[in-house]
Amino acid sequence: MTIPDSTGAFTAENAVDVTRFRIPEEEKRIVSELTTTSVSEGESSYFLISKRWYTSWERYVRGGGGASSPSPSPRPGPITNNDITGTGRLLVEEEDYLLLPQRVWNTLLEWYKGGPPIQKTLISLFLSDARDDSVTAIRLSKQASIRELYDKVCAVNGVSQKKARIWDYFNMRKGQLLHPLSNKSLEESGLHLTQDILLEVDGRRSSAVALVPLGEPSGCGDSLSTTSLGKGLAGLVNLGNTCYMNSALQCLAHTPPIVQYFYTHDDGVNKDNQGELAKAFGDLLKELSSSSGRYAVAPRFFKTKLDKAAPQFTGYDQHDSHELLLSLLARLHEHSGIVNVCQGQCKSTLVCPVCGETATTYDPFMCLSLPLHSTLTQSISLLSCLEKYLAEEPLGPDNMWDCPECKEKRQANKKLDLWKLPEILVFHLTRFKTNKYFMKKIDTFVDFPINDLDLSKYLKNGKSYLYELYAVSNHHGGIGVGHYTAYAKLIDDDNKWYHFNDSLVSPVENESEIKSAAAYLLFYRRRVGSDSAEVSRTDDDMDVS
């Protein structure tokens, strides 16, 4: 490590206030307690301090500095880091500098003044060795590589790297093997949230490395290890109430045109939060599609980028798979390949009930949210829900239309028509209803086609619009106590259905089980051989304003 020079001149303002000295024993106790608390609570912000200055402080607090001490050491002057800044040489921890948790640094700075501050963001780990039950604190930069993690862990344990294997051990279950030669950073590998990693030596569990918790998430469902089923069949680890995210991601991960897009468009994304999210999403899709299915994939790096780009998902509260889907697709909007595959268009027509004046707009959509209407049989069809969605209805009294012909506000009638259908068509069954006083879930069974959804009659252009189902996001349970899973079909592989329940992946024995009252998001793909999704319209017919 080299540290650039920094202005650190001492003035009267940063001189030590000798009237506020504490006795050495008290300083030692306070620093010791702050250090212990910071490490146990997972302090990530650390400050470098000159080893020379800190050693003089240690001599002072050990020697007592009082009259009763046989050889008291003098109290050191202001903190000076000048010997570790601007040197241009490689600095070595424990030889040139020490790392202090922020609370310890702030305390010493208050007592002694000086500086300059040199901050570093680290990941704190607990290295627990099962051979002798010892526990050692380990700190690494979040930008340190997996290779550096191996170096540190093996050095601490006295283990040969040839015999060491470090595994993702989230929730105390073995996940991915971390490759000893990998240059991926700890952050990119997702090793900065609450979790464990496991060290095996010659195939024996010899020690577990636990990352200090940065906030304990609550569980949502059980994350079970997935068995080896084949490529594209890896489960996703539940990071704590992230089953909603896992469900939506599995549906997208089994959408061939989206996966293909990210395989062929790896470069050129922006470096802002949305660009970083797109890159993390693409990397996750590649990892899932190429995985052998032997171990579940932990989407922690994707989750951190999602939190930055869409802060409403920060933390480990339960959310909605539909909300996640729309938010993710909206942030991928800059990628024209995604828009071309997933975006359709509805024609909206307003008709004045007095003069008959009309106004037409064309609204894009990534997902059609269909209302679930009440029936006596508690069973409805997908097409009946679509008919209700497209049906003409009057605007509400609080949403009157300014009729340009009447020059007055009118309660116009509104009619929706499907104008353009995308290659990937997603239906959202609106099972959650809210009003001023409560929220409820509608568990009505919706009968939907699996192989032959024919929407040709809704676009009167003489073209065929046949769709086949390939993925379903399910919501089981009620409000606040639900769990999300997914069904997906390997369209370009064995054409079989699989059930994805977080880490657990299992084949579907009977296709009929895909239809249930838990179905929430339906993913359809335009069938091969169906006419092109592009609809031929004249410019005079369309107003995209």
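Tabulated results
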| quantity | calculated |
| --- | --- |
| Y465 touching a Ser or Thr at 6+ places or on another chain (Cβ under 8 Å), in contact (Cβ under 8 Å) with a residue 40 or more places away in the chain and closer than 25 Å to K420 by Cβ | yes |
| Hits in segment 332-360 - residues which are surrounded by fewer than 19 Cβ atoms within 10 Å (Cβ to Cβ) and assigned to a helix (DSSP H, G or I) | S336, G337, V339, N340 |
| Residue identified as of a type in the set (S, T, Y), closer than 26 Å to T375 by Cβ and exposed (fewer than 15 other Cβ atoms within 10 Å of the Cβ) among T444, T434 | T434 |
| 2 or more residues among the aliphatic types (A, V, I, L, M) and within 24 Å of L466 (Cβ to Cβ): qualifying strands (runs of 3 or more DSSP E) within segment 362-444 | 368-370, 413-420, 424-429 |
| Count of residues meeting criterion [outside any helix (DSSP H, G or I) and within 15 Å of E188 (Cβ to Cβ)] in segment 297-331 | 3 |
| Some residue of segment 130-140 being at pLDDT 70 or above and within 25 Å of the chain's Cα centre (by Cα) | yes |
| Single residue of segment 361-370 satisfying the filter (open to solvent by 30 Å² or more (accessible area, probe 1.4 Å) and more than 14 Å from F523 (Cα to Cα)) that is nearest to the chain's Cα centre (by Cα) | P364 |
| Failed condition for G66, given (1) out of contact with any helix residue (DSSP H, G or I) (no Cβ under 8 Å at 6 or more places or on another chain); (2) open to solvent by less than 60 Å² (accessible area, probe 1.4 Å); (3) modelled with pLDDT under 85; (4) under 23 Å from P24 (Cβ atoms) | (1) |
| Those residues of segment 481-493 which are open to solvent by 20 Å² or more (accessible area, probe 1.4 Å), touching a strand residue (DSSP E or B) at 6+ places or on another chain (Cβ under 9 Å) and at pLDDT below 95, in sequence order | H483, I491 |
| Residues located in segment 374-414, provided they are in contact with an Asp or Glu (Cβ under 8 Å, 6 or more places away or on another chain) and under 30 Å from S336 (Cβ atoms) | L382, L390 |
| Selection status of Y520, aromatic (F, W, Y) and in contact with a His (Cβ under 6 Å, 6 or more places away or on another chain) | yes |
| Residue in segment 465-474 that is open to solvent by 10 Å² or more (accessible area, probe 1.4 Å), of a type outside the set (V, I, T) and assigned to a strand (DSSP E or B) present | yes |
| Matching residues in segment 447-464 - criterion: being in a loop (DSSP other than H, G, I, E, B) and open to solvent by less than 30 Å² (accessible area, probe 1.4 Å) | F448, I450, L455, L459 |
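The values are calculated or read from the model by the stated rules, or taken from the named source; none is laboratory data. Here the structure is a predicted model, which is why all the values come from computation and not from measurement. Reconstructed Cβ throughout: ideal geometry from the backbone, glycine too, with neighbour counts over all protein chains shown. Calculation scope for accessible area: heavy atoms of the full protein, side chains included, ligands and nucleic acids excluded. Shrake-Rupley method; radii C 1.70, N 1.55, O 1.52, S 1.80 Å.
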